[in-house]
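The values are calculated or read from the model by the stated rules, or taken from the named source; none is laboratory data. Just so it is clear, the model here is predicted, and its values are computed rather than measured. Every residue, glycine as well, gets a Cβ built from its backbone with ideal geometry; the counts of neighbours run over all protein chains shown.
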Amino acid sequence: MKTRNFLRLFLFLLLLQITAAGMGRAAEPARERLEKEVSATVDLDRQTSVLEQKWFREKQLLADETHNLELEARLLEARIRRLQGYRQQRRLEIEKLKSGLEEMTEIGIRLEPYMDELVTRTRGLQNSDLPFAEAERQRRLAELTETLSSYDSDLPEKLRRVMEVLKIEAGFGRGFEVSEEILPVAGGETTVRVLRLGRIGLYYLTLDGARAGWFNREHQAWEELPGVYSESVKEALRMALKQRAFDLVKLPVAGGRP
C-alpha cells in the first residue's frame, strides 16, 4: 500500500516537472518577443528624441533665418525708398541742368557778338586814350581777338579772356606809374621821366629837372608846360616814387589847358 502510494506521488511529481518544463519552454518565445518589443520601443523613443532635437534645431535655424530675412527686407525697403528719393532729386537736377544748358545756349548766342563789340570798344578806347603802354595793350588786344576767332576756344575761355583784358584796362584808370622814355620834345628825341596819373594825364620831366611837359589830348601831342608847372611835376614824381608824403599839386588835366 505504501509502495503504491509512493509510486503515485512519484508519478505526480514527475508529471508536474514535465508540465513545468513544457510551460517554461512555451513561455520563452513570449518573453523574447516581449523583450524585443520593449527594445524596439526604447529604440523608437530614442530615435524620436533625436528627431525631435534635430527638428528643434532646424526650427530655431529657420526662425533665425526668417528674422534675418525680415530685417534685410525692411532694410531693402528703406534703401528703395531712399533711392527713389535720390532718383527724384536727380531728375530735378537733370531738368535744371537741361534748363541751364538751354539758357547757356541762348546766352552764348547773345554773348559772342557782345564780346566782339567789347573788343571794338576797347580798341577805340586805346586809340583815343593817353599814349601809355601802347605796345603791350595792342599785343594783349590782338591776342584777345585771336582767341575770340579760335574754334578751339570755348565760350567760358573767351569770356574769361575778355574779362581779363577789361580788368587790366579798367585798372589803368587807377593809381600811377613812373617810367623813363625817349620822347619827341624840345625839338628832338629827349630822355625824360614820364608820370601817368591814371587816365587823368601824362606828364614828363627832363632828367635835369629843368623842363616839364604833358600830353595834350586836343592836339594829340607832347607839349612843354610853362615853367611854373615844373616844380609841380617834380613834386608829383617824388610822391609817386615815395620820396615824400602825398600832398596836393596843381597840374593840368587831360582835355584842359595849362
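The set of residues in segment 208-252 being surrounded by 13 or more Cβ atoms within 10 Å (Cβ to Cβ) and hydrophobic (A, V, I, L, M, F, W, C) consists of A212, W214, F215, W222, L225, V233, A236, L237, M239, A240, V249, L251. Need the failing condition index for T191 against (1) surrounded by fewer than 18 Cβ atoms within 10 Å (Cβ to Cβ); (2) assigned by TED's automatic domain parsing to the domain that holds P131, just the number. So T191 meets the others, but not (2). Does at least one position in segment 177-186 carry a residue that is at negative phi and part of a helix (DSSP H, G or I)? No, there is no match, as no residue in segment 177-186 is at negative phi and part of a helix (DSSP H, G or I).
For segment 148-166, a residue qualifies if it is of a type in the set (D, E, K, R) and surrounded by 14 or more Cβ atoms within 10 Å (Cβ to Cβ), and the qualifying residues are K158, R161.
Taken together, the criteria place F246 among residues that are aromatic (F, W, Y) and farther than 20 Å from G188 by Cβ. Regarding segment 167-183, can at least one residue be identified that is under 21 Å from S230 (Cα atoms), in the same structural domain as V233 (by TED's automatic domain parsing) and surrounded by 18 or more Cβ atoms within 10 Å (Cβ to Cβ)? So far as segment 167-183 goes, yes, one or more of its residues are under 21 Å from S230 (Cα atoms), in the same structural domain as V233 (by TED's automatic domain parsing) and surrounded by 18 or more Cβ atoms within 10 Å (Cβ to Cβ). For G108, the requirement of being closer than 24 Å to K234 by Cα and either under 41 Å from the mean Cα position of the chain (by Cα) or assigned by TED's automatic domain parsing to the domain that holds E235 (or both) is not met. Of the residues V185, V192, V178, the single one that is out of contact with any Leu (no Cβ under 6 Å at 6 or more places or on another chain) and aliphatic (A, V, I, L, M) is V185. The number of residues in segment 187-201 being touching a Phe, Trp or Tyr at 6+ places or on another chain (Cβ under 8 Å) and assigned to a loop (DSSP other than H, G, I, E, B) comes to 2. Look at T145 and say whether it is surrounded by 13 or more Cβ atoms within 10 Å (Cβ to Cβ), out of contact with any His (no Cβ under 6 Å at 6 or more places or on another chain) and farther than 30 Å from R211 by Cβ. Yes, satisfied.
So, R74, is that one part of a helix (DSSP H, G or I) and either in contact (Cβ under 8 Å) with a residue 24 or more places away in the chain or in the same structural domain as I200 (by TED's automatic domain parsing) (or both) or not? So R74 fails the test. Hey, any hits in segment 213-233 for a residue that's among the β-branched types (V, I, T), over 20 Å from N127 (Cβ atoms), at pLDDT 90 or above and not assigned by TED's automatic domain parsing to the domain that holds N127? Taking every residue of segment 213-233 in turn, at least one turns out to be among the β-branched types (V, I, T), over 20 Å from N127 (Cβ atoms), at pLDDT 90 or above and not assigned by TED's automatic domain parsing to the domain that holds N127.
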